[in-house]
Amino acid sequence: MTNNEIIDKGQKYVMNTYSRYPIAPVKGQGCLVWDADGKEYLDFVGGIAVCVLGHCDPGLQAALEKQAALLWHVSNLYWIEPQVELAEKLVTISGMGKAFFCNSGAEANEAAIKLARKYFYRRGEPRYEIIVFNHSFHGRTLATVTATGQKKYQEGFAPLPAGFVYADYNDLESVQQLINDKTAAIMLEPVQGEGGIHLAQAQFLTAIRNICDQQGILLIFDEVQCGMGRTGAFFAYQNYGINPDIVTLAKGLGGGFPMGAMLATDRAASGFAPGDHASTFGGTPIATAVANYVVDTIGAAQFLEIVNETGIYLCESLNKLQDNRIIEIRGMGLMQGIEFNREIKDLVQICMQHGLLVIGAGANVLRFVPPLNITKGDIDRAVVILTAALQEWQ
């Protein structure tokens, strides 16, 4: 089928939950994709920070095919060898104690919310409130969309679940004002993704960690988008030298295969007992076999060194852009954003027409979350296209 044929059929049969761009990618290799009409694109979206090793990585494909020939699914009623291996790796890298596996970031965050509440329930403490942050994004389930500090995602879904209160990011006083004897956890992204690529200040995170320690509150880091090497460290919080009680992962964990995880310290993990939470498809043999390959690849020191180098190069290259509509360029590693003084929807379309895939992070921020093995040459090519698109953008 052609692009138009796929689009026409999709509009007829696929539920209208996305404002989709008018192309239909059908093939990918590395940082490139091709649509159904054969046009080539440089992909700086990566499935929204998912395809961390690019498209159709040979090693990732081999890991999937090897496990696919052995065993796909048996359920979590039994011990699953690649799942156990993955748990060991993630616990070792993170400094956590236990792992729970699911299929998406929303599910991982839902599990984190449930664990925080169950932890205090088991201790006989009536704590259930979760402090979250304005401009955050935690998922699309009813609980995680409530945890998301953006009204546009919550509209039309009332009544929303109780127990979430909203502070301002990097504003310690706004957090302190919300703490009371019902506070169970503070939940935040070390780097806000959908909210506009905002970085947590080091002193802010340190102060939050100290407050949680003093008050017996659990600290939850949502690293669904900013984790898995995206910032140049395996976990974004490792850039700050502090540890959470619970951390969530998804997106890049499966390199394109649906995969999510929640990690917790042994203390926090003690909140769950058999029957408290579960996932039929969480941590299947095939999903965890793929994730093991991703973790082994990203976890190598040399790989992360390269991510740091290319992240710096991407940041420096973007900062060379000359455009008086740019307000700020910010980010960490290969998670960068350009804030403009106007909406960037048309700019995204122009870039796509010129062969570069980028997306927004909010109305005014152009987001760059390419595969982690992107090259400096790919970055140069992207900047050339972006420069031309900016000149055309009126």
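From the list 26, 52, pick out the single residue that is among the β-branched types (Val, Ile, Thr) and either under 30 Å from residue 235 (Cα atoms) or open to solvent by less than 30 Å² (accessible area, probe 1.4 Å) (or both).
Working: 26 fails: either under 30 Å from residue 235 (Cα atoms) or open to solvent by less than 30 Å² (accessible area, probe 1.4 Å) (or both).
When all the criteria are applied, what remains is 52.
Quick check: is even one residue across region 169-186 touching a residue at least 60 places away in the same chain (Cβ under 8 Å) and under 19 Å from residue 240 (Cβ atoms)? Yes: one or more hits. Among all positions in region 107-119, there is no residue which is touching a strand residue (DSSP E or B) at 6+ places or on another chain (Cβ under 9 Å) and part of a loop (DSSP other than H, G, I, E, B). Condition check for residue 223 on (1) closer than 30 Å to residue 74 by Cα; (2) of a type in the set (D, E, K, R); (3) buried (at least 21 other Cβ atoms within 10 Å of the Cβ); (4) out of contact with any Ser or Thr (no Cβ under 7 Å at 6 or more places or on another chain): one failure, at (4).
So which residues in region 244-279 are open to solvent by 40 Å² or more (accessible area, probe 1.4 Å), over 16 Å from residue 298 (Cα atoms), in contact with a strand residue (DSSP E or B) (Cβ under 8 Å, 6 or more places away or on another chain) and assigned to a loop (DSSP other than H, G, I, E, B)? Matches in region 244-279: 272, 277. If you go through region 50-106 and pick out every residue that is over 24 Å from residue 276 (Cβ atoms), of a type in the set (A, V, I, L, M, F, W, C) and outside any loop (DSSP other than H, G, I, E, B), you end up with 6.
Determine whether residue 191 is closer than 26 Å to residue 304 by Cα, open to solvent by 10 Å² or more (accessible area, probe 1.4 Å) and not aromatic (Phe, Trp, Tyr). First the steps, then the outcome.
Working: closer than 26 Å to residue 304 by Cα: yes; open to solvent by 10 Å² or more (accessible area, probe 1.4 Å): no; not aromatic (Phe, Trp, Tyr): yes.
Criteria not met by residue 191.
For first residues located in region 192-205 and closer than 13 Å to residue 171 by Cβ, partners that are aliphatic (A, V, I, L, M) and open to solvent by 10 Å² or more (accessible area, probe 1.4 Å) and lie 6+ apart or on another chain with Cβ distances below 7 Å form the pairs 204/172; 205/242.
Name every residue in region 215-247 that is β-branched (Val, Ile, Thr) and either over 19 Å from residue 120 (Cα atoms) or at pLDDT below 95 (or both), in order of residue number. Reasoning before the result, please.
Filtering region 215-247 for residues β-branched (Val, Ile, Thr) gives 217, 220, 224, 231, 242, 246-247.
Matches in region 215-247: 224, 231, 242.
Within region 194-220, the set of residues being out of contact with any Asp or Glu (no Cβ under 8 Å at 6 or more places or on another chain), buried (at least 19 other Cβ atoms within 10 Å of the Cβ) and over 16 Å from residue 337 (Cα atoms) comprises 205, 208, 209, 217. Does residue 42 qualify as being in contact with a Leu (Cβ under 7 Å, 6 or more places away or on another chain), assigned to a helix (DSSP H, G or I) and of a type in the set (A, V, I, L, M)? No: the conditions fail for residue 42.
Considering only residues in region 27-74 that are in contact with a helix residue (DSSP H, G or I) (Cβ under 8 Å, 6 or more places away or on another chain) and of a type in the set (Val, Ile, Thr), the one that is nearest to residue 297 (Cα to Cα) turns out to be 52. Checking each residue in region 307-352 for being within 22 Å of the chain's Cα centre (by Cα), open to solvent by 40 Å² or more (accessible area, probe 1.4 Å) and aliphatic (A, V, I, L, M) picks out only 312. If you go through region 196-204 one residue at a time, do you hit one that is outside any strand (DSSP E or B) and of a type in the set (Val, Ile, Thr)? Within region 196-204 (the criterion being outside any strand (DSSP E or B) and of a type in the set (Val, Ile, Thr)), the answer is yes, since at least one residue qualifies.
Taking region 155-188 as the range and being open to solvent by 80 Å² or more (accessible area, probe 1.4 Å), outside any loop (DSSP other than H, G, I, E, B) and of a type in the set (A, V, I, L, M, F, W, C) as the test, no residue passes. Scanning region 127-147 for residues that are of a type outside the set (Ser, Thr, Tyr) and either open to solvent by 10 Å² or more (accessible area, probe 1.4 Å) or part of a loop (DSSP other than H, G, I, E, B) (or both) returns 127, 129, 134, 135, 137, 138, 139, 140, 142, 143.
The values are calculated or read from the model by the stated rules, or taken from the named source; none is laboratory data. Quantities reported herein were computed from a predicted structural model and do not represent experimental measurements. Reconstructed Cβ throughout: ideal geometry from the backbone, glycine too, with neighbour counts over all protein chains shown. Areas reflect the complete protein model, heavy atoms only, side chains present, ligands, DNA and RNA absent. Shrake-Rupley method; radii C 1.70, N 1.55, O 1.52, S 1.80 Å.
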